[in-house]
Every structure is written in C-alpha cells, then in structure tokens.
There are 4 protein chains.
Amino acid sequence: MQIAVVGGGECSLHVREVAEELGRLLAEEGHTLLCGGLGGVMEAACRGSAEAGGTVVGILPGERGDANPHVGIKIATGMGHARNAIIVRSSDAVIALPGGYGTLSEIALALKMNRPVISLESWDIAGTVKARDPREAIEILNRLLYI
Amino acid sequence: MQIAVVGGGECSLHVREVAEELGRLLAEEGHTLLCGGLGGVMEAACRGSAEAGGTVVGILPGERGDANPHVGIKIATGMGHARNAIIVRSSDAVIALPGGYGTLSEIALALKMNRPVISLESWDIAGTVKARDPREAIEILNRLLYI
Amino acid sequence: MQIAVVGGGECSLHVREVAEELGRLLAEEGHTLLCGGLGGVMEAACRGSAEAGGTVVGILPGERGDANPHVGIKIATGMGHARNAIIVRSSDAVIALPGGYGTLSEIALALKMNRPVISLESWDIAGTVKARDPREAIEILNRLLYI
Amino acid sequence: MQIAVVGGGECSLHVREVAEELGRLLAEEGHTLLCGGLGGVMEAACRGSAEAGGTVVGILPGERGDANPHVGIKIATGMGHARNAIIVRSSDAVIALPGGYGTLSEIALALKMNRPVISLESWDIAGTVKARDPREAIEILNRLLYI
C-alpha cells in the first residue's frame, strides 16, 4: 500500500524518534512511504523507512534538490502547497504527526477525499482516529486497510 | 482587493443569507470576490456580489460549465481540491463560512500562507479571527487590510 | 467569451505592437482577455485590452506581485509552467503570438483540449489556423466561435 | 536517474515494441522510469521496465485506478494534463516516442525546463536530439547525462 506520513518540516527530538520508528514499521509491513520529501517529520520518517529497506517517495513542493537525503523517488511538483492534495490523493491512508497549518491542510484534504487519517499526537479533528504510538498506528492502519 | 469567501458546497438557508449579505457588502466595498465557483455558500456569496455590481471570480475544480450562474470570470483549473491553494494564494484575505473538510483545508492553507482568515460561524482554528455577522466581518477585514 | 493570448515573455517591438492591437480588438469585441500575466506579448496584449476598457485576467506562475501593471484580476497559481494548462482550460479559444517553448506547450495543450488555436506569426503546428494580422485573427475567431 | 518516457496513449504495434525495448534498456541501465502511467506508449515502456526489474513510476492525470498494470508507484495528481509539467520537472531527461498534442506539450515543457529531449520517431521540434532506435536513445542519454 502507499501510506502518507504528514507532519511539520521542523520537529522536536521526541517527534523525530516517533516518526523514524513509524517509517521503519511501515517499511517492515511492506508499505511504500509517501511524504512531502522535506525535513523534520518527513525526513525522520524517510530515514526510518529507507534504513529498513522500504520504498520512499517524496512529493516535493519545488525541485528535486530540495529532497531530504533519504528520499528514493523524487517527484518535483513545482506547485508549492498545492502538492499536498497529490500526497493525499496518492495514498491509501494518512498518518499525521505534529505539524502546523500545512499538516492541518493535509488532514483536511485527506478527510475530504475519504482517506482514513490516523492522528499520532497531531491535530484533533473530528473524523481522525487517534493512536498513542507508532505501533498502535500500524495496528489501526492494518485494521482499516484489510477489512 | 481580492477577497476569498470559502464555505460548504451545500448550506442551510440561514448560512445562505449570511453568505449573500457578505457578498453584497464585499461588492459595495469595491472588493473582487474569489471563490470556488460552485454551489452553497459559494453560490450565495456570488449572487450577493453580482447583484450589487461586484466582480465575481470562480476558481473551479473542474470545467467552466460547473460554475454557478453568478460567476463572471471562470477559471477552470481541472485540478480538483488542489485548486483550493490557488484560491487562497490569489487572495488578500479569506472569509470562512460554515463548511466541511474542504473549507477546513482552505482555512489551513490560508493560515499557512499568512493570509488573514476571518471565521464567520466556521471552523474554530487558532489563528483565525471570529466575526459574528457579515457587517462585523467587513469591519475586521478593513482593519486588517488597511493598517 | 474568455480568449487566451499566449506568447513570449520577451518580444520584438513589432510583436509588441501586434499584441497590443490584438488586445484592444478583443476588448472592443467584448471578450475577456486571459493570459499568463507576465511581460512581453502578455503585457502588450494586457495593455491593449485594459486601455480599451476590457477585462484582463492574469493567470500567473507565481505570486500576484509578478503581474504586469495592466492585469486587473490576478490569479496566483504558484505552480510554474503547470499553470499553462489552466490558461488553456479556461479559454474558449487561444491566439498564439511568437514565443518559445512555453508558448509551444500552450498551443499543444490547447489542441489537446480541443480549443481552437489561431496562430499569429507563431509556431507552425498542424491543427492551428493562421492569421496574418490581429484584424484577421478576430475575424477567424468570430467565425470559429459563432457557428 | 529518473528518465521520463512520453508518447501516445494509443500506438501501433511497431511503436509498442520500440517503447517496450526502451523500457527494458532503461531498467538495465539502472534508471527509474517516469511516465504518465496510462496505456499505449506508456504501458509498453512500463512493461519493458517492470519485466526487467526496474522501478516504474506513473504520474497519473486522475486516480490510481487508472494506472496500467505495470506501474509500481502510482502518483495520482487529479489535475489532468497539468500533470505533464510534473512528469517533466521530475526527470533528468525525456525520451519522446510518437504521440499527439499531449506528447508535444511534454516535449515543449521539457525544452522550456532545460531537460534534454531525445526524439525517437516523435515530433520534430528544434532543440530535440534524434535517435533511430532505443539502443541509440540510451547511448545519447548516457552521453548527455554523464558529461
């Protein structure tokens, strides 16, 4: 499956560890990681997935050179925040970590497009499912995707 | 100025009246109305502006034929919800009325792009400014734009 | 009708005069001018239309501040060359003046989307209709649109 | 490297064989194949690459379900022909096979964005480099990319 991980371009050390573990678990489950390809949460999730041998896709707002070093496949949209809609549309489900208004826009677009959204310490929006940690996020994901 | 009005593609009679009055006031202030060009809140705001002689721009997710009958200038993006980013980027300020996740995505994108967001009975997101009615929304708008 | 004028961001004095006359004639026919909103052919067409009292829409690759001074309604797409598809999709017909590869992409997209394309000293691509001067371009346009 | 193959959504048996061989050779060189993800030239190139073990990315105009069966990573842009700009922007070079106006728009955008364009029996546009067969296309590609 193609699973999007969204979250801030900057983040705390704690969130970085959560994102990295999540990326690793997604790779171990055989999922392709989609994300915005930049720093912070995105970079940590990419590193976790890439180091576990997973496929990592960055859907970038600008050029390929903006990608963090763990992105394998670089999609350069050149369309700024409008690329958030492509991340969401391309995903089977979205896992949201802490982030700002950009992350909120991705949660909203995902709910609008009927993608399951799992919130891991992220925005508290009606329609999302909360998970306490990456392992629970994966359990919820599997339950949502395979029923 | 170019002012975006965002809100649901379907709405109650009360919200319809609010949107129509807002559209009328925006036109009377000399503002160009930007919106998604479809029904509900968008259509009511367009009607209000158009009937008051204002310029009405619809930035449509699909084709020009999808526009409500009060849209004067029809921008057919053909890019679905990703067009929300264009509505926001093209505006000096955003006024949000009741709506669903699409409206929430527009509020989030507007805050991300540092556009002032006035919430008229819409989502309660940190960073927005609340207005009780269209007249107060216009007062807040003028205060935000002309200082 | 919404008529797109496409052409180079830089142009010769001769082309500038042709574009300006074309813009003026489009306004006199009551058409709304759509273009990319930047310099060269776009700016000259905008000036011609604006000075004749026409409605001028710039669908910009970046921000509103990039628009030439004759654009009335500024659509800031923030999506670079991908905005060419929006210019074309929003138009009833496209008139192409001399320009480079960006202009060629607009001609190609217009033909792909079944928009009539009138070539005024522009790329010689099968499917376009040639006009010798702005007046003939308008005659061809009227014949294509009103039959 | 990420190499885009562009061409018609329908094609002759001969072109299909050329596209499939090209896809195979690209995979053997270790390149990731980018394309529009649909039928015709795109499908044949995808099959060639996928059967040779290559990575195949489809940047789709609509939804993931539109992809041909050989696409591995499915990017659903939902933005129609405007996605052509993303295919080009994401590539190190573009190889064009026979196709219609959509293909021409991709050639034009590639030249506009300074991507090398190799034409394999495709549109004859100044700025492209002609190759007679897939093997020569790869030779030209390597010369262009590694100098």
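Things worth noting here:
- Qualifying residue in region C:123-138 (condition: out of contact with any Ser or Thr (no Cβ under 9 Å at 6 or more places or on another chain), open to solvent by 30 Å² or more (accessible area, probe 1.4 Å), closer than 23 Å to C:E28 by Cα and free of Cβ contacts under 8 Å to residues at least 24 places away in the same chain): yes
- Residues that are out of contact with any helix residue (DSSP H, G or I) (no Cβ under 9 Å at 6 or more places or on another chain) and over 26 Å from B:Y101 (Cα atoms) do occur in region A:69-90.
- Test: residue in region B:1-15 that is free of Cβ contacts under 8 Å to residues at least 12 places away in the same chain and under 30 Å from A:G7 (Cβ atoms): no
- Scanning region C:51-64 for residues that are more than 19 Å from B:I75 (Cα to Cα) and not acidic (D, E) returns C:A52, C:G53.
- The listed residue being assigned to a helix (DSSP H, G or I) and of a type in the set (D, E), out of C:E136, C:E121: C:E136
- Tally of residues being within 22 Å of D:G127 (Cβ to Cβ) and over 12 Å from the mean Cα position of the chain (by Cα) across region C:103-121: 7
- Within the option set B:G62, B:G72, B:G39, B:G53, being within 22 Å of A:R89 (Cα to Cα) and either touching a residue at least 24 places away in the same chain (Cβ under 8 Å) or out of contact with any Leu (no Cβ under 8 Å at 6 or more places or on another chain) (or both) holds for one residue only, B:G62.
- Among the residues making up region C:30-43, those that are under 10 Å from the mean Cα position of the chain (by Cα) and open to solvent by less than 10 Å² (accessible area, probe 1.4 Å) are C:L33, C:L34, C:C35, C:G36, C:G37, C:V41.
- Each residue in region B:89-114 was checked for being in contact with a strand residue (DSSP E or B) (Cβ under 6 Å, 6 or more places away or on another chain) and in contact (Cβ under 8 Å) with a residue 40 or more places away in the chain, and 12 of them qualify.
- Each residue in region A:44-64 was checked for being open to solvent by 40 Å² or more (accessible area, probe 1.4 Å), of a type outside the set (D, E) and within 21 Å of A:H81 (Cβ to Cβ), and 1 pass.
- Taking (1) over 16 Å from C:A96 (Cβ atoms); (2) open to solvent by 20 Å² or more (accessible area, probe 1.4 Å); (3) of a type in the set (S, T, N, Q) in turn, C:S12 satisfies each apart from (1).
- Screening the candidates D:R64, D:R24 for the property of being of a type in the set (K, R), closer than 21 Å to D:I138 by Cβ and at pLDDT 95 or above yields one hit, D:R24.
- Of the listed requirements (1) at the interface with chain A (Cβ under 9 Å from one of its Cβ atoms); (2) closer than 29 Å to C:I59 by Cα; (3) not charged (D, E, K, R), B:I125 misses just one: (2).
- Filter pass, B:I75 being more than 11 Å from the chain's Cα centre (by Cα), buried (at least 24 other Cβ atoms within 10 Å of the Cβ) and modelled with pLDDT of 95 or more: yes
The values are calculated or read from the model by the stated rules, or taken from the named source; none is laboratory data. This one's a predicted model, so the numbers in the text were calculated from it and none came from an experiment. Positions of Cβ are backbone-derived with ideal geometry, glycine not excepted, and every protein chain shown enters the neighbour counts. Surface areas here come from the heavy atoms of the whole protein model, side chains and all, with no ligands, DNA or RNA. Shrake-Rupley method; radii C 1.70, N 1.55, O 1.52, S 1.80 Å.
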